[in-house]
Structure formats: structure tokens, C-alpha cells
Amino acid sequence: MASGYRPASSRRVRIAALAAVVLLCGSLWFLSQHPGNGASLAAADRSVAQAPMELAASDIATVKRRTLVRKLPLSGTLKPLVQSEIRSRVSGEVLEVSVREGQSVRAGEVLVRIDTRSQQALVASQRAALDKARADLSIASLNYENSQRLLEKQFIAQNVLDTSKSVYDAAAAGVKLAEAQLRLAEIGLQDAEVRAPFDAVVSRRIAEPGEQISSDALLLELVDLRHMELQAAAPAAEIPVLKPGQIARIRVDGYGERVFEARLERINPNAEQGSRLILLYLSIDNSDAALRGGMFAQGSLLIEQAQAALAIPATAVLNDAGLDYVMVIENGVVQRRAVHIGMHAANDNLVEVLDGLTEGEQVLAVDLASLEPGTAVQLTSALPPD
């Protein structure tokens, strides 16, 4: 067995060596017959390496001038700007409540009547007190005048005149006090008829006829729907660009696509604890009474606007160590260029370029990580996107 194994192995080795020699000779003969093939293959490799990278039209943006706006999203609940609690200024029995919830009232209209019998008696009592005070003043005045004449004739001492003068002064003060008390009683009599302080709508009726009420009892609640207010929260970081007078456009649940205009009136000086948000107060003209308190509204406040600003997509702006830059296409080659960015616009996700680019230049609109500065590129379509 051992003597038979070795010759077979030797034969396989000789066959493999012969095949290698034949292959080598064939290769040398081919190269001798085609001497330019090596250079052609190298040139083809260089051509492939130097071919521009093709970009889709959506990969490129042209620097253009546009009108840019920045808006602050808002949402909140509406409430009437003017609301009033109507309270009784006198005590007594409620005789009549002439209005109900949802009813419109005019300024000066009688809403509630309270029993005035006790108030009428008080007015009569104060009138009588005034009459008495005036009578006392008349007597004191005569006594004072008599004392003056007697003193001139030296029939009385000076202290008697002084006493008479004091009585007169007290009587005069008593008349003024009685007049004031009568006016208060008469006002109380008028207050027994509760009137609307302004044009309004009744939002709540509390008092009912027959009830015995005390002074300062709550009778009705009124709202003025002509002017509504929206309270909305904004991040504290936006405060530097917020100013009274800025206009918002809002939509309200139930009114579909109808847009209401709101005006920023006030800005709360303090941030809300926890959320660090600032409350904004916007007024809305509601002359047609379409809106109601408690409705939910949402929209946006125009806070910045730039006319004819150089703009590029926000996705074109890259950042390296806090510095903004873009990839500009110059003569078919991508180059990195630093830029100074301004407003981030709400429309079309654009940003304003303050410095670093000129109108008409082209930039990469997306972050293509494989593209290094110096890479040649070409557009597959003739026209870049707007």
C-alpha cells in the first residue's frame, strides 16, 4: 500500500506544475499581442474615479429673495373682556327679577326690584331730621345775633357770645349731617331698583322673587360679548420679539375655516411657576356676538416679517461646533461656506441668510454625508427646484 501511494502523489504534483507553466505562458503571449490593454484599464479606472456625482433636483436649492414671516402658535380659552357681578346695595325682599340667562339688556334697564317700604320710611325719617336740624340752626342763628348786639352794649360778657357762637356752629354742622343722611337714604331708595351698568347679556341669575336678601347679596352676573379676550401662553424666550399691537389670526371650534383677528394688548410681567410660560392677553372684536365665553381658540401670532430676504431651506444649514455653514456648488464642485442665519420662517420651512450667500447661488438642500468639499457634482435634470 505505501509503495503504491507515493507514485500517485508525484503524478498530481507534476500535473499541477505543468498547468501553472501553461497558464503563465498563455498570459505572457496575450500581453505581448495586446500591449495597450494595461494602460486602457488604468485610464478607465481614473475616468470612473473622476466622474461627477449625480444629484436629483430635490437635492439642490437656489438662493432666492422671498417674503419671510415668523409666527408664534397660540391656543387658549375665550372669555368676555368685561364681566360683572351685580350685587344688592340694600337689604330687603326681592319683589321682581325681570331677566333670565341669555337675555340681552341695555344700560340703565331695571333688572331687579327690591321692597322699598323700609327704605321709604328711612327717607321720611331723614327728611324730618333735616327739618329739625334747620329749625335748630334758625334758633341758634337768632341767639347768636342777639348776643352780638348785647355784647356791643356791654350787657353780656364775651364768654356768653362765645357760647352762642359754638351753639350756632353745632347747629350748622347738624344741618349738613342731616342733609348727607337724607341723600344716603334717597340713594338707598334708588338702589332698590337694580339697573344694568352697561349693555350686556345675562350669564347667570341668582336671586328669585320672594327671597330675603342682605346688602351686598349676589343677584345676577352680566357679560359684555362685544369684546372678547384670549389668554394664551408663550415661551419666555419669545418675549424679546413680542410687542402690544401685534396681530394674530385664530380659528374657533365650531366655526370651520372662519378666521378671527386678535390683537396683542398686554403681556404678563411674570412667568407661570413650573411651566415658565408667559401669559399673553389678546382682544377680539365680537360685534356680531358670534363668540362665547369658554370657547377654545387656536391660531398664530405674527411676530417677525422680512421683505425680499435671501432665503434657503432650513435643511440646507449645517452646524459644526456651533458655527452654521452650507455646501455651495461652485463650477460643478461642492464647497463648504460659513453663513450667518437670521429669521427662521414659518412658511415653507425657510431660513433667512444675512451673510455668506448671494442671490442665484446654489446650495445642497439636504445633508449628504458622503459629499466632501471638492467633490464634483452634476444635476440629473436641467432645472433646480425653486
Quiz item: Going by the alpha-carbon gyration tensor, a ≥ b ≥ c the square roots of its eigenvalues, is the range 83-205 rounded (a/c under 1.5) or, if a/c is not under 1.5, prolate (a/b greater than b/c) versus oblate?
Solution: prolate
Quiz item: So for the pair N331, V241, with labels modelled 7 Å out along Cα→Cβ, what separation do we get in nm?
Solution: 3.9 nm
Exercise. Using DSSP to define loop residues, name the trypsin sites (Lys or Arg not before Pro) in the range 73-128 whose beta-carbon has at most 13 other beta-carbon atoms within 10 Å.
Key: R100, R106
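If you keep only loop residues by DSSP, which GluC sites (Glu not before Pro) in the range 230-269 have at most 10 other Cβ atoms within 10 Å of their Cβ?
Taking the range 230-269 and a limit of 10 other Cβ atoms within 10 Å, the loop GluC sites (Glu not before Pro) found are E257.
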Self-check item: Computed lengthening from Q212 to N268, 0.36 nm per intervening residue step minus Cα-Cα distance
Solution: 16.0 nm
Quiz item: What are the aspartates and glutamates whose alpha-carbon lies under 15 Å from the alpha-carbon of K71, with same-chain residues fewer than 8 places away excluded?
Solution: E238, E261, E304, D348, E352
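Since every read-out is calculated from the coordinates, none of them should be taken as a lab result. Note that this is a predicted model, so its numbers are computed, not measured. Quick reminder, even Gly has a Cβ in these numbers, built from the backbone with ideal geometry, and neighbours come from all protein chains shown.
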